[in-house]
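A.B. asks: Have a look at this one before I ask anything.
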Amino acid sequence: MNFEWLKHVGPRGLYGRAALILFLPVFAVTIVVTVMFLQRHFEDVTRQMTFGMTREIGLVAERIDEAPDIDTARQAATREAVPLELELVLPASEPAQDWRVFYDLSGRVVISEFHERVPQVTGVDLSHRREVRVTLDGRFGPYQLVFQRARVSASNPHQLLVLMVGTSLLMTAIATIFLRNQLRPIKRLARAAEEYGKGRIIPYRPGGASEIRSAGTAFLEMRARIERQNEQRKQMLSGVSHDLRTPLTRLRLGLSMLTPDLPPEKDEIAALESDVAAMGTMVDAFLDHARDAAQDAPPTAVPALAFVRGIVADAQRGGQAVTMGPMVGELNGRATFRADSLRRAVENLIGNAVRYGDRAEVDAALGPSYFRISVEDDGPGIPPEQRDEALKPFTRLDAARNQNRGQGVGLGLAIATDIARAHGGQLRLVDGNRLGGLRAEIVIPR
């Protein structure tokens, strides 16, 4: 069955659809209960009460029909009617008619029962709110019996309906307030996302249900990551212009000193080649940081401790002074991460450690919910007040951005930080407790 037409007639907004989902069942239940109450309970009770009155009226009608004259009939009927709380009008002062208001649902049952069970009944008048006037045709002409309406129908026939409707309206009002409070965080999130799409950042704090909070937190993390990437791009452009200016100046100076009369000396050629190599190293580092293509690979389950041992073994074969420290956790335990990008982060940490210290030590711990890789050196370390600055791209804490210590461009810690964040973890810089230098720890969820 095709329900596409519902998309055109139904509400388009989230609030309207949520209200429809909430209020439509309440309305349907109210209608069903009302119908069941009127048909199964209300009508049955009215029919039973009316049946009792038909027997009392039938008794009075028998006494009137058995009397020899109208006076005797009036006396005999009065003796029966008074104890039964019936008022006798003989002869009738009003014409016989069936009458009820359109909203008197029980009146239809009362009129039907009287006509069906008492053959002498010619009319049932329910025009009076608290009385019932039954007109009968006897041997002395038409007469009426009058009694209280409460004897043939419930005294408050609409009490349950009114109570049910009132309760439904009250609960609907409460649900509306609750629904509005639940949808407000979604609207705030949508507004924050819309404004950010226009290039404006407005204050936003996650709120509402846990799912909405998760979405809001994810949005904030995404926004912070984009802003961080934009800031890094600006810093990269600034770093490129700054770091390339020095070797370019040396190249210009060296080229200006060359003359066609004298061939260049080997030292001059070597210096020029060194500047070109340094520029190539810088450009490659900038491009690697800008692309960071290794993070595009999907994460896989990798034997965690064996992964760390492999990185240390490769570093040792490359001539780096690095040793393997304590390995804590299940020997064959696995963790899910991007192996290429995490290897790059650890290698950057090892490179920084052996560049600024004499030796480095790598240890790892695989816990129930985390995977930690630590690289510690015996160098001078980084003061605590400068550690946050050290994690920013193109930041080198050595004086005058000295490029003579390993040709670094200030991207090692920044790349490791971004890779850790991409895995949902973090990079921490603390004081080393074994070698006495700086200890860098990458902690990611397992």
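A.B. asks: Please tell me if D377 is out of contact with any His (no Cβ under 6 Å at 6 or more places or on another chain), modelled with pLDDT of 90 or more and open to solvent by 10 Å² or more (accessible area, probe 1.4 Å).
C.D. replies: Yes: the conditions hold for D377.
A.B. asks: So which of V124, V118 ends up being in contact with a strand residue (DSSP E or B) (Cβ under 6 Å, 6 or more places away or on another chain), in the same structural domain as A150 (by the TED database), hydrophobic (A, V, I, L, M, F, W, C) and farther than 30 Å from S168 by Cβ?
C.D. replies: V124
A.B. asks: Give the residue, chosen from Q120, Q97, that is over 60 Å from the mean Cα position of the chain (by Cα) and touching a residue at least 40 places away in the same chain (Cβ under 8 Å).
C.D. replies: Just a single option satisfies the conditions, and that option is Q120.
A.B. asks: OK, next. Would you confirm whether any residue within region 253-265 is open to solvent by less than 60 Å² (accessible area, probe 1.4 Å), farther than 22 Å from G425 by Cβ, of a type outside the set (A, V, I, L, M, F, W, C) and at pLDDT below 85?
C.D. replies: Among the residues of region 253-265, at least one is open to solvent by less than 60 Å² (accessible area, probe 1.4 Å), farther than 22 Å from G425 by Cβ, of a type outside the set (A, V, I, L, M, F, W, C) and at pLDDT below 85, which makes the answer yes.
A.B. asks: I'm checking my understanding of the structure. Among residues of region 275-298 that are open to solvent by 70 Å² or more (accessible area, probe 1.4 Å) and at pLDDT 75 or above, which one is nearest to F337 (Cα to Cα)?
C.D. replies: P298
A.B. asks: I need a count of the residues in region 324-366 that are out of contact with any Gly (no Cβ under 8 Å at 6 or more places or on another chain), open to solvent by 40 Å² or more (accessible area, probe 1.4 Å) and touching a residue at least 40 places away in the same chain (Cβ under 8 Å).
C.D. replies: Total meeting the criteria: 5.
A.B. asks: Which condition breaks for L244 when tested against (1) under 30 Å from E389 (Cα atoms); (2) at pLDDT 85 or above; (3) open to solvent by less than 90 Å² (accessible area, probe 1.4 Å)?
C.D. replies: So the condition that L244 fails would be (2).
A.B. asks: Name the residue that is surrounded by the fewest Cβ atoms within 10 Å (Cβ to Cβ), counting only residues in region 400-423 that are part of a loop (DSSP other than H, G, I, E, B), modelled with pLDDT under 85 and within 45 Å of the chain's Cα centre (by Cα).
C.D. replies: Filtering region 400-423 for residues that are part of a loop (DSSP other than H, G, I, E, B), modelled with pLDDT under 85 and within 45 Å of the chain's Cα centre (by Cα), the one surrounded by the fewest Cβ atoms within 10 Å (Cβ to Cβ) comes out as G410.
A.B. asks: Right, another one. What residue, of L170, L163, is open to solvent by 70 Å² or more (accessible area, probe 1.4 Å) and at pLDDT below 80?
C.D. replies: L163
A.B. asks: Which residues, taken from region 79-131, are among the charged types (D, E, K, R), closer than 18 Å to Q148 by Cβ, in contact with a Ser or Thr (Cβ under 6 Å, 6 or more places away or on another chain) and open to solvent by 40 Å² or more (accessible area, probe 1.4 Å)?
C.D. replies: none
A.B. asks: A further question on this structure: Could you please find all residues in region 196-215 being under 26 Å from A19 (Cβ atoms) and open to solvent by less than 70 Å² (accessible area, probe 1.4 Å)?
C.D. replies: Matches in region 196-215: Y204, P206, G207, G208, A209, I212, A215.
The values are calculated or read from the model by the stated rules, or taken from the named source; none is laboratory data. Please read these numbers as outputs of a predicted model, since none were measured by experiment. Using ideal geometry, Cβ is built from the backbone for each residue, glycine included, and neighbour counts are taken over all protein chains shown. Note: accessible area is taken over every heavy atom of the protein model, side chains too, but ligands, DNA and RNA are not part of it. Shrake-Rupley method; radii C 1.70, N 1.55, O 1.52, S 1.80 Å.
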